[in-house]
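First up is the structure itself, then whatever we jot down about it.
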Amino acid sequence: MAAPLSDKEKSARLRLARSENIGPVTFHDLLRVYGNATRALEAVPELARRGGRTRPIKLASPREAEGELKAIAKNGAELLFFDEADFPLLLAATDPAPPLIIVKGHKSLFARPSIAMVGARNASAAGLRMAGDIARELGAEGYAVTSGLARGIDTAAHKAALETGTMAVIAGGIDVVYPEQNRALQEAIGERGLLISEMPPGTKPQGRHFPRRNRLISGLSLGVIVVEAALRSGSLITARFALEQGRDVMAVPGSPLDPRAGGTNQLIKDGAPLIENAADALAALARQSTDDWFREPSGRDGYGEPPAVPPEISDPERAEILSLLGPTPVEVDFLIRQSGLPARAVAAILLELDLSGKLRREPGQKVALIPPEEA
């Protein structure tokens, strides 16, 4: 575990995380190379320029960071960085870990094993009953139930687990209610459970925020139970994230005549355990060692050490990596092998391209160039 963060470093990290073109991978790479966020912020403009950016990159200002910190405190919430003691270990073990989360409620729920439940917003009465029953049973067994506070299955799961412990990951700011019909439920979870968000207070949820929310839902959990999901639904995005994170995906079967069961039935065909009650879910999870998930993950220390000297990159080396990149994602390891360049040099070139707005990060340590018309 890293040493406690100073107020200066917390403010600098918040600025870094809120700056243009800095996602989780870039955030961690910058801290790894420069040792702390203050030095990283100083280096970003030049790195972006080397990557081919022609206009200045927008960095979050100290005033913006101060305003966000005040808004977090005003709402009775707390900011947690990935390497702080209270940050959930399961989420810290994801690759890449979210740089930060904002929480409101009982952080003690992070110490309990969690199972996520997600599903259709326009759920059937049978689906709502199943979600509520399973969530209630899981709570009685000592599990926290995590979901996304959407209408339908999410709402049923949260309500059923409110007394025993539920965590709600929201797509907007910690102080923004969405959907409005869940205002009372969101307030209750903030008082008796735990609300979690990556977004600054005041942020209205947008479509692009929901995949990030879904990744947190699965990342906080040992496994994900899908209850009613169409073949194209956000719940299946959560299931995909869970698989990428090494979590179990389970599904409640439904009628072949109901489109809301198309996605769950397909998951079962693809090998997901069929779930009819909490006992089924616990049996599916029994092959995991819960203790493994609650060990301190690697990579949560060392960023405060004296920084390594950033590698010197030549123009021919940059040109070599650019020649290997295109709109089709390729693995970073392939770039290293094909170019013959040191891994640190390839990482530095990709960092420059990322900050310039020319690189897209994909799951599985893959990268691709963003077409000029989209950059």
HN-Hα couplings for the stretch 155-164 via Karplus (6.51, -1.76, 1.60; θ = phi - 60°), in whole Hz with x for Gly/Pro, come out as 4, 4, 5, 4, 4, 5, 9, 4, 6, 9
Rounded to the nearest percent, how much of the accessible area of the stretch 22-62 (1.4 Å probe, protein heavy atoms only) is carbon and sulfur?
57
What three numbers, in Å, describe the spread of the alpha carbons of the stretch 174-298 along their principal axes, ordered from the longest?
43, 41, 26
Dipole check, the chain, charges on Cβ (K,R +1; D,E -1), about Cα centroid: among 186, 283, 43 the Cα furthest to the positive pole belongs to 186
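Compare 258, 333 by solvent-accessible area with a 1.4 Å probe and give them largest first, with all protein chains kept in place. Can you show the working numbers first?
Working: 258 35, 333 95 Å².
From most exposed to least exposed: 333, 258.
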Solvent-accessible area per residue for the stretch 143-296 (1.4 angstrom probe, square angstrom):
41
From largest accessible area down, sort 50, 247; use a 1.4 Å probe on the protein chains.
50, 247
Listed by chain and number, the lysines with an alpha carbon less than 20 angstrom from that of residue 358, same-chain partners under 8 positions apart left out, are 58, 366
Note down the relative contact order for the chain as a percent, whole number, built from C-alpha pairs under 8 angstrom at least six residues apart.
18
Please report, as a whole percent, how much of the solvent-accessible surface of the stretch 110-180 comes from carbon and sulfur atoms (probe radius 1.4 Å).
50
Just grab the label-to-label distance for residue 331 and residue 243, each label 7 Å out from Cα along the Cβ direction, in nm (one decimal).
1.8
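Length gain on complete extension for the stretch residue 323 to residue 366, per 0.36 nm per residue less the alpha carbon to alpha carbon distance? Walk me through the numbers on the way to the answer.
Numbers: separation 43, 0.36 × 43 = 15.48 nm, distance 1.58 nm.
Taking residue 323 through residue 366 to full extension adds about 13.9 nm, to one decimal.
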Can you tell me how much longer the chain between residue 89 and residue 74 gets when fully stretched, taken as 0.36 nm per residue apart minus their C-alpha distance, in nm with one decimal?
2.7 nm
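Where does each of 133, 154 land when they are ordered by accessible area, with a 1.4 Å probe and the largest first?
So the residues, ranked largest to smallest area, are 133, 154.
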Give me the accessible area of residue 143, 1.4 Å probe, in Å² rounded to the nearest 10.
40
At R0 = 25 Å, FRET efficiency that the Cβ-Cβ distance of residue 121 and residue 187 yields, to 0.05:
0.75
Quick check on the chain: helices-only [θ] at 222 nm, where DSSP H runs of length 4 and up contribute -39,500 (n - 2.57) each and the sum goes over total residues. Nearest 500, please.
-12500 deg cm²/dmol
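In a shell of Cβ-Cβ distance under 12 Å around residue 171, excluding residue 171 itself, what net charge do Lys and Arg (+1) and Asp and Glu (-1) give? Before the final figure, lay out each step's value.
Numbers: positive: 204, 208, 212, 213, 215; negative: 154, 198.
Around residue 171, the charge tally is +3.
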State, as an integer percentage, the relative contact order of the stretch 1-133 based on alpha-carbon contacts under 8 Å between residues 6 or more apart.
24
For the chain, what is Rg from Cα atoms divided by 2.2 N^0.38 Å, rounded to two decimals?
1.02
Exposure of residue 112 as accessible area (Å², to 10), given a probe of 1.4 Å and all protein chains:
70
Taking the Cα centre of the chain as the origin, how large is its charge dipole in debye, to the nearest 20, when only Lys and Arg (+1) and Asp and Glu (-1) carry charge on their Cβ atoms?
860
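Let me know the shape class of the stretch 126-225, please: from the alpha-carbon gyration tensor, a ≥ b ≥ c as square roots of the eigenvalues, rounded when a/c is under 1.5, otherwise prolate if a/b is greater than b/c, or oblate.
Values: a/c = 1.70, a/b = 1.55, b/c = 1.10.
Since a/c reaches 1.5 and a/b is larger than b/c, the shape of the stretch 126-225 is classed as prolate.
State, as an integer percentage, the relative contact order of the stretch 145-205 based on alpha-carbon contacts under 8 Å between residues 6 or more apart.
Numbers: 105 pairs, mean separation 23.2, N = 61.
Normalised by residue count, the contact order of the stretch 145-205 is 38 percent.
The values are calculated or read from the model by the stated rules, or taken from the named source; none is laboratory data. Just so it is clear, the model here is predicted, and its values are computed rather than measured. All Cβ positions, even for glycine, are placed from backbone atoms using ideal geometry, and neighbour counts span all protein chains on display. Only protein heavy atoms, including side chains, enter the accessible area calculation; ligands, DNA and RNA are left aside. Shrake-Rupley method; radii C 1.70, N 1.55, O 1.52, S 1.80 Å.
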